[in-house]
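Read-outs: derived from the displayed coordinates by stated rules, not from any lab. Because the structure is a prediction, the values reported are computed rather than measured. Methodologically, a virtual Cβ is constructed for each residue, glycine included, from the backbone with ideal geometry; neighbour enumeration extends over all protein chains shown.
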Amino acid sequence: MEATFMAALAGLTSIGAYYVGARALGLPSARLGAAVGKMLESIGMVLIFLTVNLTASVLIVLVARGLTGTFFSAYAADDAVWLGLSLIQGLAFQAWRGSAAESSEPRRG
């Protein structure tokens, strides 16, 4: 029931965002597919950063355990903060990539 509610609410807000974008802001509906593609690229970048961050944190814990012989907890890798940090990193990196691609394109006009 909860999953259905969440999916329905996300669907309704997506329809609302489409309506506001197309009607109120005058965004072209034909460009929605390209926008979804950019969103998927951004999600992929966030997942790459999340994987690298979690892997690096576990490796650091394992190396510290091996070098010092003392116990270091791997629970630092099990923290929701990693998702937020990876989100910021991934979105910033994706924006940087996008701005570099835009600046390298020849100007039309």
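Before moving on, here are some points about what is shown:
- When the range 1-42 is filtered for residues that are charged (D, E, K, R) and closer than 28 Å to PHE93 by Cα, the ones remaining, listed by number, are ARG31, LYS38, GLU41.
- Tally, over the range 48-63, of residues that are of a type in the set (A, V, I, L, M, F, W, C), surrounded by 13 or more Cβ atoms within 10 Å (Cβ to Cβ) and under 17 Å from GLY90 (Cα atoms): 4
- Residue that is farthest from the chain's Cα centre (by Cα) [pool: residues in the range 85-109 that are of a type in the set (D, E, K, R) and loosely packed, with under 10 Cβ neighbours inside 10 Å]: ARG108
- Hey, SER42 in a helix (DSSP H, G or I), within 13 Å of the chain's Cα centre (by Cα) and surrounded by 14 or more Cβ atoms within 10 Å (Cβ to Cβ) or not: yes
- Restricting attention to the range 64-84, the residues being touching a residue at least 12 places away in the same chain (Cβ under 8 Å) and either loosely packed, with under 11 Cβ neighbours inside 10 Å or not in a helix (DSSP H, G or I) (or both) number 1.
- Looking only at the range 26-36, and only at residues there that are surrounded by 10 or more Cβ atoms within 10 Å (Cβ to Cβ) and among the small types (Gly, Ala, Ser), the one that is farthest from LEU85 (Cα to Cα): ALA34
- Scoring ALA17 on the criteria (1) within 22 Å of the chain's Cα centre (by Cα); (2) among the aliphatic types (A, V, I, L, M); (3) not in a helix (DSSP H, G or I) leaves a single failure, condition (3).
- Any chance SER73 is among the hydroxyl-bearing types (Ser, Thr, Tyr) and within 21 Å of LEU91 (Cα to Cα): no
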